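Report on the structure given below.
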Amino acid sequence: MIDISHIFSLSHHTRTQSLSLCGYLEAIVGKYFLSQSGNPDSYWYAVYYGASINSHDDCVEIIDHNLIGYVYYDNRVAFILNDYLETFMKDTLDYDIHYISLDSLDKECLECQNDEQYRQYILPALWIDDDFLYNERIPFDYEKFELIDEGVQYLNPKHFSVKNFVKSCQMD
């Protein structure tokens, strides 16, 4: 598990860039597309990468196969798949990004040991430890079950995926 308790306490980039990360990756490097970039309601930008693109006239296809990670809107942190980390780091060298390398965006490989500081970032989603649903040795929590049964959007702070975390942060 990778503990992400620290990511929002990281200071965002201090170096002033003449071009936004999105503009640089899409226009200069040309093998990227940052979905939701520029959307004031979006906290995370999906990073799509097309390794086979050879000219600036080609576009990166917005398909799951090309999704290599997510970058926070102020560039302070990026979740990037291991296979693309070295390339992404090289392509974003001038940007002060904290990289979190992962095997999968769907696998529950993240945890948040200090979820209190995240409440302002993921509301109205909640942190609910739902392990009592799957382990009969843990006392059943009727209050939490009622919330879960009502369909409340939540994350289990002990295990969640990047995609679920990003989705929870994106909620309006």
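The values are calculated or read from the model by the stated rules, or taken from the named source; none is laboratory data. Model, not experiment: these values are computed from the prediction. Because the Cβ atoms are built from the backbone with ideal geometry, glycine has one as well, and the counts that use them run over all protein chains shown. Remember, those area values only see protein heavy atoms, side chains included, never the ligands or the DNA or RNA. Shrake-Rupley method; radii C 1.70, N 1.55, O 1.52, S 1.80 Å.
Taking the condition modelled with pLDDT of 90 or more, open to solvent by less than 30 Å² (accessible area, probe 1.4 Å) and outside any strand (DSSP E or B), does L105 pass? Answer is yes for this residue. Whether a residue is out of contact with any helix residue (DSSP H, G or I) (no Cβ under 9 Å at 6 or more places or on another chain) and under 18 Å from V166 (Cβ atoms) was assessed, and I62 passes this test.
Residues that are β-branched (V, I, T) and either assigned to a loop (DSSP other than H, G, I, E, B) or at pLDDT 90 or above (or both) within segment 131-151 comprise just one, I138.
When K163 is tested against (1) part of a helix (DSSP H, G or I); (2) modelled with pLDDT under 90; (3) open to solvent by 20 Å² or more (accessible area, probe 1.4 Å); (4) within 20 Å of Y49 (Cα to Cα), just one condition goes unmet, and that condition is (2). I'd like to check something: does segment 49-56 contain any residue that is open to solvent by less than 50 Å² (accessible area, probe 1.4 Å), in contact with a strand residue (DSSP E or B) (Cβ under 9 Å, 6 or more places away or on another chain) and either outside any loop (DSSP other than H, G, I, E, B) or within 25 Å of H6 (Cα to Cα) (or both)? Within segment 49-56, one or more residues are open to solvent by less than 50 Å² (accessible area, probe 1.4 Å), in contact with a strand residue (DSSP E or B) (Cβ under 9 Å, 6 or more places away or on another chain) and either outside any loop (DSSP other than H, G, I, E, B) or within 25 Å of H6 (Cα to Cα) (or both). Close contacts from segment 67-90, counting a first residue that is more than 15 Å from C22 (Cβ to Cβ) and in contact (Cβ under 8 Å) with a residue 40 or more places away in the chain and a second that is among the small types (G, A, S) and surrounded by 15 or more Cβ atoms within 10 Å (Cβ to Cβ), with Cβ to Cβ under 9 Å and a gap of 6+ residues or different chains, come to F79/G69; F79/S101. Testing L21 on (1) under 15 Å from C169 (Cβ atoms); (2) buried (at least 16 other Cβ atoms within 10 Å of the Cβ), one condition comes back false. Which one is that? Answer for L21: the failing condition is (1). Within segment 85-101, being surrounded by 17 or more Cβ atoms within 10 Å (Cβ to Cβ) and closer than 18 Å to A51 by Cβ holds for L85, F88, D91, T92, S101.
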